[in-house]
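Working notes for the structure below.
The values are calculated or read from the model by the stated rules, or taken from the named source; none is laboratory data. Please read these numbers as outputs of a predicted model, since none were measured by experiment. No Cβ is skipped: glycine too gets one built from the backbone with ideal geometry, and neighbour counts run over all protein chains shown.
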Amino acid sequence: MAYPSPFAQPPHGTPAVVASTASAAALPVPVRRGRTAPVWLFALLVVLALGLVAYVVSFLGVAAPAIGGVLALIPLAGVLLAVRIVDRWEPEPRGLVIAAVAWGAVAAVALSLLVDLALAPAMVIVDPDVGDAFSSVVQAPVVEEVAKGIGVLLIFIFGRRAFDGPVDGVVYGALVGAGFAFTENILYFATSLIEGGVTEVTFTFVLRGILSPFAHVMFTAVTGYALGRAARDGATTAAALGPWALGLIGAIVLHAIWNGSAVFADFFALYVTLQIPLFLAFVAGVLLLRREEARLTRARLGEYAAAGWFSSGEVEMLATRRGRRHALAWARTLAGDRRALMSDFITEATALAAARQRALTGRDAAAADDERVYLARTIAARSRLLTP
């Protein structure tokens, strides 16, 4: 189906009749299946993490990676805060968030190292300058983005019912990229400290931790965006492989341009003239996607208002940034400071709108059940908020 813009939504069918009642005494719980990563994936990540730690310690010792880890936490904290702001409208399940970061920090790095080790014998016979250029501009972008992209694809497969559209795809891609950058920064900072001391590690920290903390985030977010588009269209896993591959190509190209600017050109000149504009365009795109997500929330809750479940004022309060801000400020003036209860009300209502959107597009057979669950939880949350 063709869309007028990358941010457009598919046409909806006739709204379903909303006729569900809820008892606050026995709140239903949404089904976890399709919203969490499997246990075996976390077990695999633990095993890979132990192997990765052993590998790093055997080559770099303990002290330097430990210091590098502390330094790497600084840009990671900034990136995760930014991703949290993007994801604040409809937060993703915590288990999937942890899985995404862990895949980037452990599995993607391990896969990249394995490929590097496999290719090392072949690189010995190549001219060093050619080998370095190939490794930086071709090998690293392809191998690393594929390794990270596999993680985003796994989140799409296992967390399909929480992977609603482009914003979710950008969030999961950014989380995988943030995890990868964290571990890579540890390796770079530790190596710099060993080889050049404080001066060298300071320069590396400025370059990677201050000037480019969002580089990997932005690359892999392109892959996530492509999968998010596929999710919005109701694509199956098989049908999503094409968009995933296109997203990978975009991520690889951006990665290659970034690395190439350091190898073949004046990095700082291209940083100002190309990388900063690309980052600003990325931020603008995310803001547009968030605006579309808010519009959908408002439209879906408006349908519930038309059926008598909410007032028009409540829809404005729940589905606009300004309304939410004023609602939280008002809740603070209530006895006992009820901002937490207001946040619960907003969260449940947003999940209700997302479930209704999935039902209308027909991509989730269990979405109608989710509607009933979240309607009950939303009404109960409102009741708790307003009960004296």
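Can you tell which of Val83, Val109 is under 16 Å from Thr183 (Cβ atoms) and either in contact (Cβ under 8 Å) with a residue 24 or more places away in the chain or not assigned by TED's automatic domain parsing to the domain that holds Tyr188 (or both)?
Of Val83, Val109, the one residue that is under 16 Å from Thr183 (Cβ atoms) and either in contact (Cβ under 8 Å) with a residue 24 or more places away in the chain or not assigned by TED's automatic domain parsing to the domain that holds Tyr188 (or both) is Val109.
Would you be able to tell me the number of residues in region 335-366 that are among the hydrophobic types (A, V, I, L, M, F, W, C) and free of Cβ contacts under 8 Å to residues at least 12 places away in the same chain?
Step one: list which residues in region 335-366 are among the hydrophobic types (A, V, I, L, M, F, W, C), which gives 335, 340-342, 345-346, 349, 351-355, 359-360, 365-366.
Still in the running and free of Cβ contacts under 8 Å to residues at least 12 places away in the same chain: 340, 365.
Total satisfying the criteria: 2.
Go over the candidates Ala265, Ala235, Ala256 one by one and state the one that is of a type in the set (A, V, I, L, M, F, W, C), out of contact with any Lys or Arg (no Cβ under 7 Å at 6 or more places or on another chain) and not in a loop (DSSP other than H, G, I, E, B). Working first, answer last.
Details: Ala265 fails: not in a loop (DSSP other than H, G, I, E, B); Ala235 fails: not in a loop (DSSP other than H, G, I, E, B).
Of Ala265, Ala235, Ala256, the one residue that is of a type in the set (A, V, I, L, M, F, W, C), out of contact with any Lys or Arg (no Cβ under 7 Å at 6 or more places or on another chain) and not in a loop (DSSP other than H, G, I, E, B) is Ala256.
Among (1) over 17 Å from Ile98 (Cβ atoms); (2) of a type outside the set (Lys, Arg); (3) under 25 Å from the mean Cα position of the chain (by Cα); (4) modelled with pLDDT of 95 or more, where does Ala54 come up short?
(3)
Out of the residues in region 358-388 that are part of a helix (DSSP H, G or I) and among the β-branched types (Val, Ile, Thr), which is farthest from Ala335 (Cα to Cα)?
Here is the first cut: in region 358-388, the residues part of a helix (DSSP H, G or I) are 358-361, 367-386.
This time we only want the ones that are among the β-branched types (Val, Ile, Thr), so: 361, 373, 378-379.
Working: Thr361: 41, Val373: 29, Thr378: 21, Ile379: 20 Å.
Only one residue tops the list, namely Thr361.
Being within 27 Å of the chain's Cα centre (by Cα), surrounded by fewer than 19 Cβ atoms within 10 Å (Cβ to Cβ), closer than 22 Å to Val176 by Cβ and not polar (S, T, N, Q), is that true of even one residue in region 266-280?
yes
Scan region 377-388 for residues that are surrounded by 21 or more Cβ atoms within 10 Å (Cβ to Cβ) and small (Gly, Ala, Ser) and jot them down.
Hit for region 377-388 is Ala381, nothing else.
Hey, among the residues in region 149-161 that are surrounded by fewer than 21 Cβ atoms within 10 Å (Cβ to Cβ) and not aliphatic (A, V, I, L, M), which one's nearest to Val101 (Cα to Cα)?
Checking each candidate, the answer is Phe158.
Go through region 168-211 residue by residue and tally those that are within 24 Å of the chain's Cα centre (by Cα), among the aliphatic types (A, V, I, L, M) and surrounded by 23 or more Cβ atoms within 10 Å (Cβ to Cβ).
8
Tell me whether region 212-227 contains one or more residues that are assigned by TED's automatic domain parsing to the domain that holds Ile67, without any contact (Cβ under 8 Å) to a residue 24 or more places away in the chain and surrounded by 16 or more Cβ atoms within 10 Å (Cβ to Cβ). Steps first, please.
At the first step, the residues of region 212-227 found to be assigned by TED's automatic domain parsing to the domain that holds Ile67 are 212-227.
If we keep only those that are without any contact (Cβ under 8 Å) to a residue 24 or more places away in the chain too, we end up with none.
Checked against the condition, which is being assigned by TED's automatic domain parsing to the domain that holds Ile67, without any contact (Cβ under 8 Å) to a residue 24 or more places away in the chain and surrounded by 16 or more Cβ atoms within 10 Å (Cβ to Cβ), region 212-227 yields no hits at all.
State all residues of region 307-337 that are of a type in the set (A, V, I, L, M, F, W, C) and outside any helix (DSSP H, G or I); if no residue qualifies, say none.
Filtering region 307-337 down to residues of a type in the set (A, V, I, L, M, F, W, C) leaves 307, 309-310, 315, 317-319, 327-331, 334-335.
If the condition is that a residue be of a type in the set (A, V, I, L, M, F, W, C) and outside any helix (DSSP H, G or I), then Ala307, Trp309, Phe310, Leu334, Ala335 are the ones that fit.
May I ask you to verify whether Leu301 is closer than 18 Å to Val373 by Cα, outside the structural domain of Glu90 (by TED's automatic domain parsing) and in a helix (DSSP H, G or I)? Break it down stepwise before answering.
Details: closer than 18 Å to Val373 by Cα: yes; outside the structural domain of Glu90 (by TED's automatic domain parsing): yes; in a helix (DSSP H, G or I): yes.
Yes, satisfied.
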